[in-house]
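Novice: I am attaching a structure below and will ask some questions about it afterwards.
The values are calculated or read from the model by the stated rules, or taken from the named source; none is laboratory data. These numbers come from a predicted model, not from an experiment. Cβ atoms come from the backbone with ideal geometry, glycine included; neighbour counts cover every protein chain shown.
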Protein chains: 2
Amino acid sequence: MNKLNIKNSENSVLKLRQALGKSLEAVDEEIINRLNKSIPLINDIGKHLINASGKRLRPLLTLAMAAQFNDFSKNPIILAAAVEFIHTATLLHDDVVDQSNLRRGKKTANIIWGNEFSVLAGDFLFAQSFELMVETKSINALSSLASAACKITQGEFQQMQIANKPETSLEDYFEVISKKTAELFGASCKSGVIVSGGNIEQQIAAYDYGFNLGLAFQIIDDLMDFNNFSPKMGKNMGDDFKLGKTTLPVILAWEKSNNIEKKFWIKTIKELKQGPKDLNKAIEIFKKYNIFEDCKNKSQEFIFEAIKSLEKLPNTEIKNYLIGLAKESVERSK
Amino acid sequence: MNKLNIKNSENSVLKLRQALGKSLEAVDEEIINRLNKSIPLINDIGKHLINASGKRLRPLLTLAMAAQFNDFSKNPIILAAAVEFIHTATLLHDDVVDQSNLRRGKKTANIIWGNEFSVLAGDFLFAQSFELMVETKSINALSSLASAACKITQGEFQQMQIANKPETSLEDYFEVISKKTAELFGASCKSGVIVSGGNIEQQIAAYDYGFNLGLAFQIIDDLMDFNNFSPKMGKNMGDDFKLGKTTLPVILAWEKSNNIEKKFWIKTIKELKQGPKDLNKAIEIFKKYNIFEDCKNKSQEFIFEAIKSLEKLPNTEIKNYLIGLAKESVERSK
C-alpha cells in the first residue's frame, strides 16, 4: 500500500478549487455571515467546526456540478453553504454520539463546550441549512438534501447497531455507508444540477457520481484507520479500532480469518479488550490476507462507476477535474 | 390561585378536536406511517415520544387554521405531522440537554435508550419533518417552519445562558420564551393559513395568534412548576426549580425580594444548594408578593393579543373554538 503516491494526488482538487475560487470564497462568506447573525456561542462552536473540517469537499461538488452548466450564480453558492452546514451538524452530533475527543487533530466541540451545547449547535446548523435552502426557492433541491439528511441519521443508527460486530455482512455495511456518507455526496451533486437547470437524466447522473464517490471515500477513510500514509489528514490511526467500529477491513478480514484470528477479532472488536500491541496485530492479519488491496480495489470499482456517470454531463474543463478528483480519491482521505 | 376552575376548562379544545377529528386521525396515521418506514429503533423511540406528548396541540392549530379556509385536504395534514415531528425532536434533544428522567410521568427516551440514540432519533424526526414539508411543495410554509426551527435552537441556547440567574431581565426572559416556544406556535398557525391560500394579512394574523398563545402557554408552564393544580398534566412540581431554571415567577420574585430573600434565590437557583423545604419556601415568597397573580395577568395580556389577531381571519365556528382555546389556556398547562 505504500506504493500510493501522495505527492501527485490532489492535483484535480486543487485545480477545481482554483477554477471555483470566487464561488468558494462566497460560500465561506455565506457561512460566516449566517453564524455571525446567530448568538455568540453558536458562532464560536460553528466557526470551530467549520475551520476544523476545512476542506469543503461537499460544497465544492455542488459548485462544480453547477459550473458544468455555466452557473456561477447565488443559488449554487447558497446550496453549497447549506450542504456544509448539514455536514457540520452531523459531525457535531457524531462526536457527541461517539464521545470523541479529537477531530482532525483539534479538540472536539463536545470536549470544549460540553455535549449540551454540541447537540444544540448541531440543531441550529441543521435548521439554518434549511433556511438557506428555502432561499433558493427550489423544492426539488430541498427535497434531495432533506432526503439525504434523513438517511444520514438512519445510517448512523444502523452504524451503531453493527458496531462491535465483525461478523456483519457486506450488505449491511454498504447500507450503512450508503446512508451515512454517500447520500450526502450524491445530494450535494444532484442539488447543484437541479438549481442550474440540468434535466432529470443529468440530475441522476450527478447523484450517481457523488454517491459512488462517497462510497469510495468512506472505504478509504475506513482503510486509513489502519494504514495512514498521510497523518496530516488529521485522522489518528486506530481511532475506529479502539471504538470497535465495524469497518470494511475488519469485515473482509473476519471472512478470511481462521479460528484463532476470529477469537482475536471477538476479543478486540466485540469485547473491546485491547492491548497495546493489538492494533499492529490487526494490521498483520490485514496484510496476511491482502485486505488493504481488497479495500482499494473495492473503492476503485465505485470510482469507475462515478466517472462513468459523468458521461451524461456536459463536456467541460470542470468535468475533467471531477474525473481527476475521483481517480485521485483512492489515494487520499476524505 | 386555587380559584382557577379546571373543570370548565378545555371545552373549546375538545370541541376543536371533535370538529377536526378525521384530520387529527389522518395526522396520527401520517406520523405512524413515517415512523414505520424508518428503522425499528427509531420507530420505537419516535412512538414512545409521540405517545408521551399526546396532546398534538401544535398540529391541532395548523389544522384549525386551515379549517377556517375550509381546507381539510392532505397538505395541512402533512404540515401538521411535520410540526409534531419538529416539536418531538426538540423534546428529545431537550431531555438530553437537561438530563431529564421523566416527561409527563413517563421515563424519557434518553433514560431508556441512552443519549446517543436520543440525539440521533431527534435528528431523524427533524429531517423527516422537512421531507414531509417538501411534499406540500409550499416554499413559504417550509420557510416559516424552518425559521421557527432555527429560533427554537437559539432560544434553547439562550435559555441555558440565563439558567441559574434569577437576576435575568424580563427582556431576556421574553426573548428566550419567544424563540423557544412561541415561534413554533406561530409558525404552526401561519403555515396552515399559507397552504390553505390565506392572504399575507391573514398569514400574519395567524402567526400573531399562535405566537401570543405560545407566550401565554409558556408562562403558565413556568407557573405550574410551583403551583400545579392539575398533576394529571404530568409536570412534576419543582422540576424547573431543582434545575435552577430562570422562569417568570423567579424573575418577578427576585425583583421584589428583600436582601434575605435574594440570598435565598442565590443559594437555591444560582448555587443549586437546595434543602427539602426550599420549594415550599420559594412558594411562600411567591405568595407574599402575589407572583402567581402577576404571572397569570401577564399571560392574560398575551391571550388578549392572540384573540385580537383572530379578527382578520374568517368568521367560522372553528374561530370561536380558537378564541375559547386561548381563553381557557390560562387555566391549563400546555
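Novice: Looking for whichever is outside any helix (DSSP H, G or I), under 24 Å from the mean Cα position of the chain (by Cα) and of a type in the set (Lys, Arg) here; the options are A:Lys245, A:Lys273. Which one fits?
Specialist: Step by step, each of A:Lys245, A:Lys273 is checked, and only A:Lys245 is outside any helix (DSSP H, G or I), under 24 Å from the mean Cα position of the chain (by Cα) and of a type in the set (Lys, Arg).
Novice: Please specify each residue of the stretch A:19-49 satisfying the condition of being among the aliphatic types (A, V, I, L, M), within 22 Å of the chain's Cα centre (by Cα) and buried (at least 21 other Cβ atoms within 10 Å of the Cβ).
Specialist: A:Leu20, A:Val27, A:Ile31, A:Ile45, A:Leu49
Novice: Give all pairs with beta carbons closer than 8 Å in which a residue from the stretch A:253-268 that is more than 15 Å from A:Lys287 (Cβ to Cβ) meets a residue that is of a type in the set (Ser, Thr, Tyr); count only pairs at least 6 apart in sequence or on separate chains.
Specialist: A:Trp265/A:Ser257
Novice: Still on this structure, I have one more. Pick from B:Ala205, B:Ala187: which is surrounded by fewer than 24 Cβ atoms within 10 Å (Cβ to Cβ), over 27 Å from B:Ile283 (Cβ atoms) and among the aliphatic types (A, V, I, L, M)?
Specialist: B:Ala205
Listed here are the residues, each with its yes/no results for (1) surrounded by fewer than 22 Cβ atoms within 10 Å (Cβ to Cβ); (2) closer than 30 Å to A:Phe241 by Cα; (3) modelled with pLDDT under 95.
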| position | (1), (2), (3) |
| --- | --- |
| A:Ala66 | no, no, no |
| A:Ser73 | yes, no, no |
| A:Ile77 | no, no, no |
| A:Val96 | no, yes, yes |
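Novice: Among (1) under 21 Å from B:Tyr207 (Cα atoms); (2) hydroxyl-bearing (Ser, Thr, Tyr); (3) buried (at least 24 other Cβ atoms within 10 Å of the Cβ), which single condition is B:Ser118 missing?
Specialist: (1)
Novice: Check B:Asn315, B:Asn297 and return the single one that is more than 17 Å from B:Asn227 (Cβ to Cβ) and exposed (fewer than 14 other Cβ atoms within 10 Å of the Cβ).
Specialist: That would be B:Asn315, the only listed residue that is more than 17 Å from B:Asn227 (Cβ to Cβ) and exposed (fewer than 14 other Cβ atoms within 10 Å of the Cβ).
Novice: Kindly indicate whether any position in the stretch B:122-140 is more than 30 Å from B:Lys263 (Cβ to Cβ), of a type outside the set (Asp, Glu), without any contact (Cβ under 8 Å) to a residue 24 or more places away in the chain and more than 8 Å from chain A (Cβ to nearest Cβ).
Specialist: No, every residue in the stretch B:122-140 fails to be more than 30 Å from B:Lys263 (Cβ to Cβ), of a type outside the set (Asp, Glu), without any contact (Cβ under 8 Å) to a residue 24 or more places away in the chain and more than 8 Å from chain A (Cβ to nearest Cβ).
Novice: While we're on this one: Cβ-Cβ below 6 Å, separation at least six or inter-chain, first residue in the stretch A:195-209 and within 15 Å of A:Ser143 (Cα to Cα), second in a loop (DSSP other than H, G, I, E, B): which pairs?
Specialist: Short answer, once both residue conditions are applied: A:Val195/A:Thr136; A:Val195/A:Ser138.
Novice: Report the residue count in the stretch B:279-300 for those that are part of a helix (DSSP H, G or I) and without any contact (Cβ under 8 Å) to a residue 24 or more places away in the chain.
Specialist: Number of matching residues: 6.
Novice: Would you be able to say whether some residue in the stretch B:232-240 is under 26 Å from B:Glu183 (Cβ atoms), buried (at least 19 other Cβ atoms within 10 Å of the Cβ) and not β-branched (Val, Ile, Thr)?
Specialist: yes
Novice: Return the residue satisfying two criteria in turn: it lies in the stretch A:143-152 and is without any contact (Cβ under 8 Å) to a residue 40 or more places away in the chain and of a type outside the set (Gly, Ala, Ser), and of such residues it is nearest to A:Phe174 (Cα to Cα).
Specialist: A:Lys151
Novice: Just to be sure, is B:Arg56 at pLDDT 80 or above and at positive phi?
Specialist: yes
Novice: Next up: For B:Gly186, indicate whether it is within 12 Å of chain A (Cβ to nearest Cβ) and farther than 30 Å from B:Pro40 by Cα.
Specialist: Against the criterion (within 12 Å of chain A (Cβ to nearest Cβ) and farther than 30 Å from B:Pro40 by Cα), B:Gly186 does not qualify.
Novice: Next question. Quick check on my filter: what residues within the stretch B:141-166 are more than 9 Å from chain A (Cβ to nearest Cβ) and β-branched (Val, Ile, Thr)?
Specialist: B:Ile162
Novice: Within the stretch A:30-54, which residues are more than 14 Å from every other protein chain (Cβ to nearest Cβ) and touching a residue at least 24 places away in the same chain (Cβ under 8 Å)?
Specialist: The answer is A:Glu30, A:Ile31, A:His48, A:Leu49, A:Ile50, A:Ala52, A:Ser53, A:Gly54.
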